[in-house]
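Q: Pasting in a structure now, in structure tokens, and then I'll have a few things to ask.
Values in this text are rule-based calculations from the coordinates and carry no lab data. Quantities reported herein were computed from a predicted structural model and do not represent experimental measurements.
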Amino acid sequence: MRPVPQIRLNRYSVMTLEWPKDSESLENWLRRQRKMAPSLMQEIAIILKPSVEHRTEDIRQAVDTLGRLDVRLIGLTGDPCHRVAAATLGLSWLSSNTSSAESELGSYQKAEDSVREMALVIEGPVRSGVQIYAKDRDLVVIGQVSEGAEIMADGHVHVYGRLRGRVAAGVGGQTGSEIFCVTFGPELVSIAGTYCGFDQIPSNLRSARVRVKLDANAHVLAFTSMG
């Protein structure tokens, strides 16, 4: 029997760049981010989310800036008023269900301390190119996570081995999620969308036993040695 094409749901290193109208220069901000995490900015792809106030010409200039800085742009998202701008500039439009989801959920918020399913446990090394996602639960990896691999969970992430790939906890926005690792050295670490690259990790914590949590007030990641 001949193989057939298949459509699969995967997760890649794609980030949404939210761009407020009265923010600082987009080019200055991007240059600063690239200086802080050069390897990260070389590898990620961006979906640009302008504010409602941005005009087509503003967006055109932003697209030119991204191109000049070699930042890969997938397309636009956000308010439907920018669909025309996307078409005018030859960009893809990615619909967002955020507003409809918020209206359906109303004031309801999922409790972060709700009972999760049993943790997903992976034994053995996670090799380069492999992606693992533990939806609605914690992830436990017993073994090494190689450079180029990506492990993610809506809950906590525990790595009992050397971590060299990318790790993300609280993928669904769970700000209380944490990351625990016995030999810490990831390419990228993220909790609930707040991230940093290897270059931003304190040098004294590289290859150490580390706990990472999100300082929700400061919107930064906090790294702690576990001895």
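Q: Taking amide H positions as placed 1.01 Å from N in the peptide plane, with prolines and chain starts having none, which residues 5 or more places from Glu187, or on another chain, fall under 5 Å of its amide H?
A: It is Gly165, Arg166, by chain and number.
Q: Through the Karplus equation 6.51 cos²θ - 1.76 cosθ + 1.60, θ set to phi - 60°, convert the phi angles of the stretch 82-94 into ³J(HN,Hα) values in whole Hz; use x for Gly and Pro.
A: 8, 4, 5, 4, 4, 5, 4, 8, x, 9, 6, 10, 10
Q: How long are the semi-axes of the equivalent ellipsoid of the stretch 120-225, taking √(5λ) for every eigenvalue λ of the Cα gyration tensor, in whole Å from largest down?
A: Gyration-tensor ellipsoid for the stretch 120-225: 18, 16, 11 Å.
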